[in-house]
1. Going residue by residue through segment 100-115, is there one that turns out to be in a helix (DSSP H, G or I), assigned by TED's automatic domain parsing to the domain that holds D163, among the acidic types (D, E) and in contact (Cβ under 8 Å) with a residue 40 or more places away in the chain?
2. Just to be sure I understand the filter: pairs with C-beta atoms under 8 Å, separated by 6 or more residues or on different chains, first member in segment 27-56 and without any contact (Cβ under 8 Å) to a residue 24 or more places away in the chain, second member among the aromatic types (F, W, Y). Which pairs pass?
3. Mind checking which residues of segment 26-71 are in a helix (DSSP H, G or I) and among the β-branched types (V, I, T)?
4. Report yes if R127 is of a type in the set (K, R), assigned to a helix (DSSP H, G or I), closer than 23 Å to R185 by Cβ and within 19 Å of the chain's Cα centre (by Cα), otherwise no.
5. Identify the single condition in (1) among the hydrophobic types (A, V, I, L, M, F, W, C); (2) surrounded by fewer than 20 Cβ atoms within 10 Å (Cβ to Cβ); (3) modelled with pLDDT under 95 that A169 does not satisfy, given that it satisfies every other one.
6. State which residue pairs qualify: first residue in a helix (DSSP H, G or I) and inside segment 133-146, second residue loosely packed, with under 11 Cβ neighbours inside 10 Å and charged (D, E, K, R) in any location, beta carbons under 9 Å apart, and separation of 6 or more residues or different chains.
7. Quick one: would you say L82 is at pLDDT 95 or above, over 18 Å from Q186 (Cβ atoms), under 13 Å from the mean Cα position of the chain (by Cα) and in a helix (DSSP H, G or I)?
8. State all residues of segment 174-190 that are part of a helix (DSSP H, G or I) and not charged (D, E, K, R); if no residue qualifies, say none.
Amino acid sequence: MQTQSRTIDTEQPLLTPIPPAGQEDRVEAVFARVRERLGFVPDGLRLYSFSPPLLEAFVTNIGYFRDGTGLPPALTTFIRYLVSSDAGCRFCIDLNEGFLAHLGVDLDAARAARADVEAAPLEPRERLLLKLALKSVEAPQDIGSDDLEAVRAHGWSERDIFDAVVQAASNRAFNFVLRSFKVERQGVFA
């Protein structure tokens, strides 16, 4: 009986996001910019409406990795996709598959990369930075100067390296926030 109850609990989010009184317009302004860019507001982002400052900071962070970093869009998307896969965040897996498809990536190849990062349809130098980003969230204590030298030798700058690691860590934190509050799929707040 507890198993059935647990299954039901995980299908519904634990919180329903409501902007603080008097902050509704501030939240809606952020959502309007997101809708303009994506055509919809992901439910994972809706969860942040509890805290307009965190929502704005999170959207700014997303915007940086979309438009401000020197990393290729497919690489940043693969970082998020594979970090999410490792964390078991169904919402982020699905969302990033959509972004990969929009970028023209074959989804069978993307899915194969979940089992073997070498299968990721990226340039070899991009896969090298991807592996460093994944290692940063799986075993950060094992990263050493030799890891950084390896990616530098393939033309990645220190900023690129930093951006890749921060993208992985930021996404891992987002995965855990969504999983904690049972936001496991788009449409849960419909």
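The values are calculated or read from the model by the stated rules, or taken from the named source; none is laboratory data. What you see is a predicted model; the values in this text were computed from it and never measured. All Cβ positions, glycine included, derive from the backbone under ideal geometry; neighbour counts span all protein chains shown.
1. no
2. V41/F31; L45/F31; L45/F58; L54/Y48
3. V27, V30, V34, V59, T60, I62, listed by residue number.
4. No; evaluated as a whole, the condition is false for this residue.
5. Status for A169: all satisfied but (3).
6. Every condition considered, the pairs that remain are K135/D142.
7. yes
8. The answer is F174, N175, F176, V177, L178, S180.
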